[in-house]
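Read the structure below first, then the notes.
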Amino acid sequence: MQIRKKSTIKLKGFYMVAIAIILLLVGHDISAKTKPTKGVDTNGNAWTYDKETKTLTFKGSKDLEVNLMDGHSKGPEWLCWREEAKHLVIKEGITGIADGDFFLFSELRTVILPDTVTYIGDCVFQDCLELREIQFSKNIIKIGDYAFLGCEQLGKIQIPKNVSSIGCEAFYACNSLTEIVIPDSVKEIGEDAFGECSKLKKVKLPKNLKVISGHLFFACESLVTVTIPDSVTTIYASAFKESGIKKIVIPKNVKYIKKGDWSGGLFTGCKDLKSIVIKSKKIESCYKDAFKGVNDNVVIQVPQCKLKEYKALFQKNGLSKKVKIKSIS
């Protein structure tokens, strides 16, 4: 996997293909007069579109139809309103929002999900550039990969208390996001989940999280504070790269600092970083260049009994000899 250059929105290979497919299937040749305003998806759920209020409404008792975006399958009929719909209402009874269902709905502003919905699939609201407000189901357990990628107008998110998994790049490049509340039910957060959330200021990670994924807070330039729970045992490469953090505490149970699919140091480009406090006495290994790019004026504090060992380990893996390492006072 290659390191991305900073940009407002990142386009995957499949993403580019998906755009072309959607334009082909529900292109501009369909006039507003001929577009269907109601229908039934392949799972038997009914949908309607109100032209006056620009509201797309779904009723039923199953998951919504999947938007495969594979170049062969016909997309759901409602995709013809992707450039006009401003409001999405899912009625009680619908059980899941399937992959790609509202991908690139460029005018969508509000979403209401009932408590019967248990998951949000991959790419569901990706690049809904005007999406400002979402009312989550209380019973969602999974938020898929790229689910809200590029939703530039989302300002605040409170993840429901039953969610256990947040996918890769789920909130990537949500550039207006200033606050996100993550419940302790969350046990897994995918790579780059909050990457390039340039206005995100502080995050408290859930107490049951064991792994901090690669690029998790990449280029979160306004991020000052990240609270890491004692449950964390593994931190992956570039997790905090180019973020605005000033101080970070590595908790007592961290054992591994791994490279994974990313390259670059954990703290490369963290221009405001002044203090790294490492409470763990259990670090067994860290990848080459893990501490490369740490500013020379940063002070690293470690347990007294590990001072010599950690100094050698960190310098072996990229830390400048100019960086001061001392025991925790």
* Structure fact -> Of the listed residues (Ser327, Ser320, Ser263, Ser275), the one being at pLDDT below 95 and either surrounded by fewer than 19 Cβ atoms within 10 Å (Cβ to Cβ) or more than 20 Å from Val226 (Cβ to Cβ) (or both) is Ser263
* Whichever residue in the stretch 117-134 is among the β-branched types (Val, Ile, Thr) and assigned to a loop (DSSP other than H, G, I, E, B) and, among such residues, is farthest from Gly93 (Cα to Cα) -> Val124
* Take the stretch 249-260 and flag every residue that is in a strand (DSSP E or B) and surrounded by fewer than 22 Cβ atoms within 10 Å (Cβ to Cβ). => Val249, Ile250, Tyr256, Lys258
* To do: Within the stretch 64-88, track down each residue that is at pLDDT 95 or above, surrounded by fewer than 18 Cβ atoms within 10 Å (Cβ to Cβ) and not basic (Lys, Arg).
  => Glu83, Glu84, His87
* To do: Please give the number of the condition Ala290 fails out of (1) touching a strand residue (DSSP E or B) at 6+ places or on another chain (Cβ under 6 Å); (2) surrounded by 18 or more Cβ atoms within 10 Å (Cβ to Cβ); (3) more than 13 Å from Phe240 (Cβ to Cβ).
  => (3)
* Set Lys91, Lys74, Lys51, Lys38: member being within 14 Å of Leu113 (Cα to Cα) and among the charged types (D, E, K, R) -> Lys91
* To do: Might you let me know whether the stretch 178-192 holds any residue that is assigned to a loop (DSSP other than H, G, I, E, B), in contact (Cβ under 8 Å) with a residue 40 or more places away in the chain and of a type in the set (Gly, Ala, Ser)?
  => yes
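The values are calculated or read from the model by the stated rules, or taken from the named source; none is laboratory data. Here the structure is a predicted model, which means the values were calculated and not measured. Counting neighbours? That spans all protein chains shown, and the Cβs are built from the backbone with ideal geometry, glycine included.
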